[in-house]
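Q: Submitted below is the structure of interest, expressed as C-alpha cells.
A short reminder: the numbers here are calculations on the coordinates, not readings from a lab. Since this is a predicted model, take the numbers as computed values, not measurements. All Cβ positions, even for glycine, are placed from backbone atoms using ideal geometry, and neighbour counts span all protein chains on display.
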Amino acid sequence: MEDPIELKHREFALVSISELSSPSSSSSCTSPSPATVRFSVDGGLPELQFHQDSEKTEFQLSIDLQTVQLFKLGSVRSVCISEGSDVTEETPFAKGVTIQFRTEEESEAFHCAFQQWKKEVSIEGKHLPNGTVSVSKSKFDDKIEPSSAKMYFHYYGQLLHQQNMLQDYVRTGTYYAAVIENCADFAGRVVVDVGAGSGILSLFAAQAGAKHVYAVEASEMTKYAHKLIAGNPSLGQRITVIKGKVEDVELPEKADILISEPMGTLLVNERMLESYVIARDRFLSPNGKMFPSIGRIHMAPFSDEYLFVEIANKALFWQQQNYYGVDLTPLYGSAFQGYFSQPVVDAFDPRLLMAPAICHVIDFSKTKEENLYEIDIPLRFISSMGARIHGLACWFDVLFNGSTVQRWLTTAPGAPTTHWYQLRCVLSQPIYVMAGQEITGRLHLIAHNAQSYSIHLTLSAKMWGPGAEQGGIIQTSSCKLDLKEPYYRMSQPQAYTLAQDQQQQPLINTQDIHIHSQDLEECDIMQHPSNSCIQIESLLQNV
C-alpha cells in the first residue's frame, strides 16, 4: 500500500484530458495526448493542476480544491468540476475536465489522494505548510456583509480607480521614496504586498532589491497586475501575484517586510487596517518590518460659517408648503439631521482651526485586530480665540520607519493635497467659546459590517472666567455620522478673512518628526500632544 503522505504529493499520469465546453462554446478542447495532474499549494490556495504537452499546443489548467468536485465516469475515467465561487466571475457556468488514467489502480490512488486533500482543506483549524491556521469560513466574511464586499472588490478591480490612486503623486511618491531610500531593509528580503492592487508597491520593492515579493490581491485587479508585472520582466521574475484575501491565502514562507496602503478616509475607513494587522500575525517573521508602521489621527475644533450655512441650506427644500400641492415640511427635521450626519470630505484652510491639534496613535506593529473594532478618543482643547465652534476637523499621517530614512505621508490641511483630503464632522448645533476656554469631548468610532464606522462626536465648552475653577459644563453638542456616507465637497481651500482679534494657527508638520519608543504610549501622547505633534511657523504668514 502506497504511503498516504507520498500519495498526496505524487504526480499522476493521464492517458488523455478533455476540457469541458461552456454553453457558449462551439466545441470542446479535447486531445488524446498524455498529460499529468498533481495537487499543489504553490500559488497559495490548494489546487489541482493539469498539464499537457502536445505537438500543436500546451494545455495548463488550475482548479481550486475548495470548490472542485470529483465524479467517476468509469473504472479509469473521471470528471473534475468546479462551480465558480467568485461573485465577480463573468461566466456563471462551471469549469472542469474529464480525465482518463492508464489503469484502475492509478485511478483509485488519485481518488484516495483527492479525498485526503479535500478533508485537509475543509477541516477548521488545520495547520498548513507555513505553520499558520486556516478556517473553512473566512474571518473577513464573518465581519463584512457580502453586498459591501462585492462592491468594494468591484470598485478596486477597475483600472480607473487604480489610476486615481496612482496619480496621487504625494501618496505614490512618498511610498516610492520610503522604499528606495531604505533599500537596506528590502535587499535580499521576502516581501508581502497586502492588497497589492495594480502591483505598483510590489514593483517598488523589487526595485529596492527584494529577494521575492508576494502580491496578494482579492479583486479582479490581479489580471492587470499580472500584465503590468509581466511587462517589467527584470522585476517581475521576483514577484508572485496571488488572488485571494490575506485572511485566507497561504504562503510558502514567512515575510521579512510587509508593505501595504491600507489607509482610508480618517485612516480607518474601509477597515483594511484590520487585514493589515491579520497579515502581520499570519505572515510577518519576528522582528520583521511594516511599511507603514504607525498611523496617527489628528483632531482639532474648527469654525467655518460658510460650510455650516451650506449644509443647513440643503434642507430648505423640505420647507416648501406647496410643492405640487404637497406640504413637505413634515420631513424638514429629518432632512436637516440627515445632512448633518454626513462627514464632509474636502480640503480646508488650516486657519479655520480654533486650537492646536491633538493626535491618537495606532501602532500597526503592536495593536490587536480587535482594538480596531471600537476606537474611543478623549478630546481636550484650549480655544485660541473667541468663535463659534462648528465641529471637529480630522486628518491622518503614517510613518515609514525605515532603517536608513524615516518618512511621513501626511494628509494635513495646508500640506499638498492627497486623494484622501481631510474630514470634518459638523455639529448641527455649534457651541460658542472665548479665547482660553477649555473644550472637552469624545470621538467614538464603532466599526460596522459595511466596511466602515459610525462616528459619535460630543464637544462641550467648560465654564470660563471667574469661578471656572468650580468646573461645570455650560454648552454641549453631539452628532452621529456614518463614515460610509460622506459628503464629498472636495473644493480647494478658500481664502478666509481673519477677524481683527484672530491669530493664525501654526500648521503641523509631520514630515520630519522622529518617533522614539517612549513617544508611542497613547496615553502620554494624549496628555502631552506637543510631544508628538510638533508645531512649526505658519506657512501662511506671507499670504
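Q: Take a quick pass over region 230-379 and tell me how many lysine pairs come in under 23 angstrom between Cα atoms, counting only ones 8 or more apart or on separate chains.
A: Total qualifying Lys-Lys pairs in region 230-379 comes to 10.
Q: Starting from the Cα of S62, step 7 Å along the direction of its Cβ; do the same at A435; then give the gap between the two resulting points in nm.
A: With each label placed 7 Å out from Cα toward Cβ, I get 6.7 nm.
Q: Oh, and also: Could you tell me the extents of region 133-258's C-alpha atoms along the three principal axes, largest first, rounded to whole Å?
A: So the three principal-axis extents are 40, 34, 24 Å.
Q: Let me ask something else about it. Measuring from centroid to centroid over Cα atoms, what is the spacing of region 390-439 and region 161-189 in Å?
A: 23
Q: Simple spin-label model, 7 Å along Cα-to-Cβ: A13 to E310 in nm?
A: 7.4
Q: In debye to the nearest 20, how big a dipole does region 349-402 give about its Cα centre with +1 on each Lys and Arg Cβ and -1 on each Asp and Glu Cβ?
A: Its charge dipole is roughly 320 debye.
Q: What's the ranking of 332-339, 150-157, 300-307, 436-443 by average number of surrounding C-beta atoms within 10 Å, highest first?
A: In decreasing order of mean packing, 332-339, 150-157, 300-307, 436-443 become 300-307, 436-443, 150-157, 332-339.
Q: Next question. Going by average Cβ density within 10 Å per residue, which order do the peptides 408-414, 371-377 take, highest to lowest?
A: 408-414, 371-377
Q: Just how far, in whole angstrom, is region 203-253 from region 268-283 if you go by their alpha carbon centroids?
A: 18
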